[in-house]
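Q: This structure is in structure tokens; I'll ask about it shortly.
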Amino acid sequence: MTETSLSSQSFPVLVLNNSNAQPLIFFLMGIPGLKATHMILFVVLCEQSLHKPMYCFLSMLSVTDLSLSLCTLSTTLGVFWFEAQEISLNTCIAQMFFLHGFTFIESGVLLAMAFDHFVTICDPLRYTTIFTNARIAKIGISTLIRNAAVMLPAVLFVKRLSFCSSMVLSHSYCYHVDLIQLSCTDNRINSILGLFALFSTTGFDCPCILLSYILIIRSVLSIASSEERQKAFNTCTSHISAVAIFYIPLISLSLVHHYGHSAPPFVHTIMANVFLLIPPVLNPIIYSVKTKQIRKAVIKLFLIRDKAIYY
């Protein structure tokens, strides 16, 4: 076993494959982040007036954001609080499955919310017949099934890889492209499966969201009253912001990994943590500020708490 220096720290350089008796160990890198507070989920669950399709989808988004943070929280805190940088291959694969899985689920929820806005503006008379409780449940279940179908092959094929030389990952969590690039064996199948998972989820959802907004804009522009046009556009503002803060970091991180091999390490680190932390932090703020019903429910909740504390 030899030693190599990275970022003023020494990590062992190993030559291992999956036939070795000892488990494979990787080392995580990253920067500290912030933990988002998801008051929206609690408010939607408690407030009867918010038990509507739009807020059901918003609850799904909050659950996904929270789950995405939790599945990487243990390793991130371990790296920066306790310098616990080691992670086994099996644990890395499990984290990878949930990390990418919740990312793809969030993409599916954003697509469902776009469809919700499309029906609200373009076909409001059929809204209640389209978005029934049963159909909302089917949308959620189909998103979970799609995630499992595309992610299981991608992560299971990581087990067939052998790893050598550097075992140092770029982030404080396991990212599929980051991990397979450390392999010293042919990883073309893994790359193909990863790209298939990406394009069959976010690669499908993003154009559909764009198409829905093209149809929404066309419908809104046909409205005679400027006040009604403004009201219709305001309805979509929060969702457009959520789409932007989700897809821009995700696409940027993918581009950095595929084409930014010569970029400094801190660029990979910053993009990885922006992708992971920005949506969970900003989504509650955006929807609390821009959605009047949620803002009133949050204020009502705090007033009730203040009265309880006072008495």
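Q: (1) open to solvent by less than 10 Å² (accessible area, probe 1.4 Å); (2) under 19 Å from the mean Cα position of the chain (by Cα): which one isn't true of Val150, the others all being true?
A: If we test Val150 against (1) open to solvent by less than 10 Å² (accessible area, probe 1.4 Å); (2) under 19 Å from the mean Cα position of the chain (by Cα), just (1) comes out false.
Q: So, one more: I'd like the residue in the range 254-269 that is without any contact (Cβ under 8 Å) to a residue 60 or more places away in the chain and assigned to a helix (DSSP H, G or I) and, out of all such residues, is nearest to Leu198 (Cα to Cα). Step through it out loud before you land on a result.
A: As a first pass, look at the range 254-269 and keep what is without any contact (Cβ under 8 Å) to a residue 60 or more places away in the chain: 255-256, 259-264, 266-267.
Checking the rest, the ones that are also assigned to a helix (DSSP H, G or I) come to 255-256, 259, 266-267.
On the way: Leu255: 13, Val256: 15, Tyr259: 16, Phe266: 24, Val267: 22 Å.
This residue is Leu255.
Q: Return the pairs, sorted by first residue and then second, in which the second residue is in a helix (DSSP H, G or I), the first residue lies in the range 135-164 and is farther than 27 Å from Leu89 by Cβ, the beta carbons are less than 7 Å apart, and the residues are 6+ apart or on different chains.
A: These pairs meet every condition: Ile136/Pro53; Ile136/Cys56; Ile139/Ala112; Gly140/Met60; Thr143/Ile105; Thr143/Gly108; Thr143/Val109.
Q: Quick check on my filter: what residues within the range 178-194 are surrounded by 16 or more Cβ atoms within 10 Å (Cβ to Cβ) and in a helix (DSSP H, G or I)?
A: Scanning the range 178-194 gives Asp178, Leu179, Ile180, Asn190, Ser191, Leu193, Gly194.
Q: Further question on the same structure: For the range 216-252, how many residues are touching a residue at least 60 places away in the same chain (Cβ under 8 Å) and open to solvent by 80 Å² or more (accessible area, probe 1.4 Å)?
A: So the count comes out to 0.
Q: Can you say whether Leu110 is open to solvent by 20 Å² or more (accessible area, probe 1.4 Å) and either closer than 21 Å to Leu58 by Cα or assigned to a helix (DSSP H, G or I) (or both), as far as the supplied structure shows? Steps first, answer last, please.
A: On the way: open to solvent by 20 Å² or more (accessible area, probe 1.4 Å): no; either closer than 21 Å to Leu58 by Cα or assigned to a helix (DSSP H, G or I) (or both): yes.
So Leu110 does not fit the description; no.
Q: Condition test on Ala272, is it in a helix (DSSP H, G or I), touching a Gly at 6+ places or on another chain (Cβ under 8 Å) and open to solvent by less than 40 Å² (accessible area, probe 1.4 Å)?
A: On the way: in a helix (DSSP H, G or I): yes; touching a Gly at 6+ places or on another chain (Cβ under 8 Å): yes; open to solvent by less than 40 Å² (accessible area, probe 1.4 Å): yes.
Against the criterion (in a helix (DSSP H, G or I), touching a Gly at 6+ places or on another chain (Cβ under 8 Å) and open to solvent by less than 40 Å² (accessible area, probe 1.4 Å)), Ala272 qualifies.
Q: Let me ask you something else. Just need a number here: residues in the range 205-229 that are more than 27 Å from Glu106 (Cα to Cα), in a helix (DSSP H, G or I) and among the hydrophobic types (A, V, I, L, M, F, W, C). Don't jump to the end; show me each part of the working.
A: As a first pass, look at the range 205-229 and keep what is more than 27 Å from Glu106 (Cα to Cα): 221-229.
From what is left, the residues that are in a helix (DSSP H, G or I) are 221, 226-229.
Now drop any that are not among the hydrophobic types (A, V, I, L, M, F, W, C), which leaves 221.
Number satisfying all stated conditions: 1.
Q: Take the range 112-126 and flag every residue that is in contact (Cβ under 8 Å) with a residue 40 or more places away in the chain and within 22 Å of Thr64 (Cβ to Cβ). I'd like the intermediate steps shown before the answer.
A: In the first step, residues of the range 112-126 are kept if they are in contact (Cβ under 8 Å) with a residue 40 or more places away in the chain; the result is 112-118, 120-122.
Correct list: Ala112, Met113, Ala114, Phe115, Asp116, His117, Phe118, Thr120.
The values are calculated or read from the model by the stated rules, or taken from the named source; none is laboratory data. All values reported here derive from a predicted model rather than from experimental measurement. As a convention, Cβ positions derive from the backbone with ideal geometry for all residues, glycine included, and neighbour counts pool all protein chains shown. In case anyone asks, the SASA skips ligands and DNA or RNA and just uses the protein heavy atoms, side chains included. Shrake-Rupley method; radii C 1.70, N 1.55, O 1.52, S 1.80 Å.
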